[in-house]
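The values are calculated or read from the model by the stated rules, or taken from the named source; none is laboratory data. Everything numeric in this text was worked out from a predicted model, so none of it was measured. Virtual Cβ from ideal backbone geometry, glycine too; neighbours counted across all protein chains shown. Calculation scope for accessible area: heavy atoms of the full protein, side chains included, ligands and nucleic acids excluded. Shrake-Rupley method; radii C 1.70, N 1.55, O 1.52, S 1.80 Å.
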Amino acid sequence: MEIINQKKLESLYNLQQKGEWSDIQKNQLELKKKLLEDFKAGWLNYKKQHPNIKPFFDLKNKGSQELVIDEKIANEYKLKEHLNDFLIKSQNSTAGIRAFVDICNSQNPQKMYNDLFLAVLVQAEAEFLKQIHKETQNKLENINVEEFCQALRKNIPKENVEIIESIYKLKLEKVIELIRKTPIRLVGGEVRRHTSSFVEMETRILAQNGIKVITLEKYSDTTAIYIFSYLCFLLGATGATYYTSSHSSNYVCGRKVLMSDGSQILPDVYENYRIILSRIINDDIYKSKKEHKIKISKSDHPNILNSLSYKKIAKLYSSTLNTTKEDVEMINKAASNGHKIIINALSGSLGKTLKPIFSELGIDQGIFKWLYEEEDSLFNNGFIVVRSEDKETNKSVYSVEHLGVDTTIPEVVNTIPYKKLLKGKPFGMKIYECDPDSDRFVIKQIMNKKDIGLLDKYGIQYYELDNNKILAAPSPNKVFLCLDIIDYELMKSRGVWDNYFSLYLITYVSWRAWSEFADSVGGLEKMVTLVGFKNLTAFKREVEEWYFNTDKPELILTDLLGNKVKMDRTKPVRIHCAEEESGGRVAGMNKICHSLLGEKVILMPEKSAADSLISELISSSKLYLENSSDYIIVNFLDDSFKKYNLVSKIDFRLDITHGTPQGVIAQMDYKEQQIEMEKAGVIKANFNNFFFSLARAVGDKKITKQKAAEILTEIMPAHKDTWCCLDKIILTEELLAKGKKRPEGVMMTFEQKDGCSTVITEFDFRPSGTDSLKSKVYGDASAITPAQLSQIKNDFEELAQGDLYKTLEKHNLESVIKKGQNI
């Protein structure tokens, strides 16, 4: 396969710009090869200039090894620079810090995720784990082990106990003694270029430092984030590391750190890790001028337990699901009657974990046809051509960008040859899609062109197929709403809904239909939080702490918007689900789940595609057997809106990209990379600061809402009809370590007023926490066309390029973020 040249790239770029995607789809593998070759050339060029660069650990060597870091090596690997970058990112994102990695060679010092910096991160982790393990020791300090294990055996199914004993290779009593004495860490990840080597390196460093590590049987085995979260809780671990950048580009690496309950680490706790990491680099390596040593253990160190298998994982996880024998029988009956569903694994880690779960449940897997099932760390879709400018010649240069595999983004969808893949498939066929770490669940469905009007009514995107067919792509928010209704109606039909007090945990963007559903259903109380699963989990923890660890008769919670919910003990408390905009959802459990530490939960703390997928499969099978028109998702949605008197039909998200394309920046040398990231960050700050500052000024009563509407009209006069209907403008803030706060987003709601009306009912503005180059504008509307949405996006992109600080200065408004500051 020849490497695509500039002429071919230019031709493909021009076709993209015209919206002609068939050639882009045909050339995905060539574009992928071009990206890889460009990274190879960059690495070889760097290696030529730095011939002393060499691997630190030889993982093929099964003996123990030692890495010695002095100031010279630290400088060569830019430890201080990467530390500063890490500290900035980890203020806001304590669990999943994403940064560039060289897809060809993880030694590359120009990327934050290089072998040396990663080894230092893990060394700091070993020290941190010993600190936080004290909490586990305190929980188990005064227990009688035999009596404690008798209670565990009553609460944890017998076959689960047997699996746990096989994982630890000890009887339960000895497992508890081990957990009390030694920090336990799970280490694993999803399909990415260097996952297996990173997992092995971390495992062997931790083992050498006295940490007991549980991993899969082979370091190259991948699994899903929800599995690691659940196992972390169940197995009484001190925490877990899971290598994932979720749906992000293939040259982005992520390392997610979980607490003992399987949730994201709280900022105040994580601050201790940041202190240890800073000390190792700033004091132990630089200030002391001494050599710093990091050791990895021999490969068969007794602290390493390569004892997780897909079969064991499936048995343990399946026990948490609400799926009944009758559900499985119905799924299998539908399968035997011809029911078929496509699962698009998008080259990620879905299949290896999900198939054993289906087997464990007894689901007939003949119902499924798989697409892109084989794992590929570079993926096979999401490649486009981008144009940038050569600074020396001022000529256009064309290169390959990988957008990742988020199939809610139209540009990513346009790289997948659905027309070819779905040729001959019948009307109504559903396509389930999950991202590489299997926490996002997306559904698409083949429909008839004659139904476009109904899709437009609900703002559902669609793509052309052939033979009068289109591919409907409802937003995750619409899918989550359907799943919430499905789970509610399933419980109602079984006569168990009224047995529980049900909570509904939702984030505040693209949430209006969720809120309306909660208000229309008896016995479902909503709690609205900031975006981010850690915020949903914070409410979950508060409920569980009261429910399981106090004897207080009632609990009153207040959410982000001031709504109060009062709970008592007259009924068992159940969380119906927790969900955030497009990011993910976890379904509630109808039973209490117990851990080896004797702790109890009523909801898992990490989002999961599996429980949502199985819930949808149960519903689809039922509707298929009934030959119901509601098998078509938009029909189900339409009927549900009528049944529950829902109003907010349309939700959308606009990604506003700042600066040079990310793929171009990723291949720059470190200094250029930092300059471009800084420029993008300043543009991002300029955009978000405007909305932060306007909302704070209204909140502090320095200006009125009417004045805010006038300022908005001044800078975006084309949207005057929306701004004049401004009803609320709220600055949301997120708590950081040591009581500090950061501006998180702005919520604007709009109501019809005398003399003005608008189809927009809400705008929410947020800087992306996971993508340094993006801001996000979310919206809800009663009716809106794709052309109108495109225009709104263009207008916000244009706005971001102007100097919005000048507007604030003109109206004597103080900025939340200082001018020129990065975000």
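Ordering H402, H50 by accessible surface, largest first, gives H50, H402; the 1.4 Å probe counts only protein heavy atoms, with every chain in place. Length, then width, then depth: along the principal axes, the Cα atoms of the stretch 673-761 run 48, 32, 23 Å. Over all other residues within a Cβ to Cβ distance under 9 Å of A685, the charged ones net out to +3, with Lys and Arg as +1 and Asp and Glu as -1.
Counted over the stretch 40-138 with a bin width of 10 Å, the fraction of Cα pairs per bin, in whole percents, is 13, 39, 33, 12, 2, 0.
Taking a ≥ b ≥ c as the square roots of the eigenvalues of the Cα gyration tensor, the stretch 125-189 is oblate, since a/c reaches 1.5 or more and a/b is not larger than b/c. Shape verdict for the stretch 482-588, please, from the Cα gyration tensor: rounded (a/c under 1.5), prolate (a/b greater than b/c) or oblate. Oblate is the answer for the stretch 482-588, as a/c is 1.5 or above yet b/c matches or exceeds a/b.
A DSSP coil position with no more than 16 other Cβ atoms inside 10 Å describes the following chymotrypsin sites (Phe, Trp or Tyr not before Pro) in the stretch 364-445: F427. The mean sequence distance of close C-alpha pairs (under 8 Å, at least 6 residues apart), as a share of the length of the stretch 572-628, puts its relative contact order at 28 percent. If you take the beta carbon distance between H301 and T550 as r and set R0 to 51 Å, what does 1/(1 + (r/R0)^6) give as a FRET efficiency, to the nearest 0.05? About 0.75, to the nearest 0.05.
Could you order L140, L490 by accessible surface area, starting with the largest, using a probe radius of 1.4 Å? List each step's numbers first, then the result.
Values: L140 0, L490 45 Å².
So, going from the largest accessible area down, we get L490, L140.
The residues of the chain have, on average, 39 Å² of accessible surface per residue, using a 1.4 Å probe with all protein chains present. Beta bridges assigned by DSSP with both partners in the stretch 150-308 are antiparallel in approximately 30 percent of cases.
Computed in the context of the full set of protein chains, the accessible area of the chain at 1.4 Å probe radius has 48% of its extent on carbon or sulfur. Within the chain, DSSP assigns beta bridges of which about 70% are antiparallel (rounded to the nearest 5).
Of the residues E744, E326, E10, E599, ranked by 1.4 Å probe accessible area with the largest first, the sequence reads E326, E10, E599, E744.
The calculated FRET efficiency for E326 paired with E177, based on their beta-carbon distance and R0 = 45 Å, is about 0.60.
Using heavy atoms of the protein chains and a probe of 1.4 Å, the accessible area assigned to K720 is about 120 Å².
Under 12 Å of direct C-alpha separation, and excluding same-chain neighbours fewer than eight residues apart, K62 reaches these aspartates and glutamates: E200, D300. Judged by a Cβ-Cβ distance under 4.7 Å, the unpaired cysteines of the chain are C104, C149, C232, C253, C434, C482, C577, C593, C725.
With 22 Å as the limit on Cα-Cα distance, the pairs of K740/K810; K684/K818; K333/K449; K478/K571; K492/K600; K355/K600 that go past it are K740/K810; K333/K449; K478/K571; K492/K600; K355/K600. Annotation for the stretch 648-755: chymotrypsin sites (Phe, Trp or Tyr not before Pro) lying in DSSP loop with at most 10 further Cβ atoms inside 10 Å of their Cβ do not exist. Ellipsoid fit via the Cα gyration tensor, the chain: semi-axes of 37, 35, 29 Å, each the root of five times an eigenvalue, largest first.
Taken as Cα centroids, the stretch 632-675 and the stretch 1-17 sit 27 Å apart, rounded to the nearest whole angstrom.
In the complete set of protein chains, residue-level accessible area for M112 is approximately 10 Å², probe 1.4 angstrom. Across the stretch 445-487, the convex hull enclosing all Cα atoms gives 67 Å³ per residue. Across the chain, the relative contact order, built from alpha-carbon pairs under 8 Å that are at least six residues apart, equals 12 percent.
With K and R counted +1 and D and E -1, the other residues having a Cβ less than 13 Å from that of E71 yield a net charge of +1.
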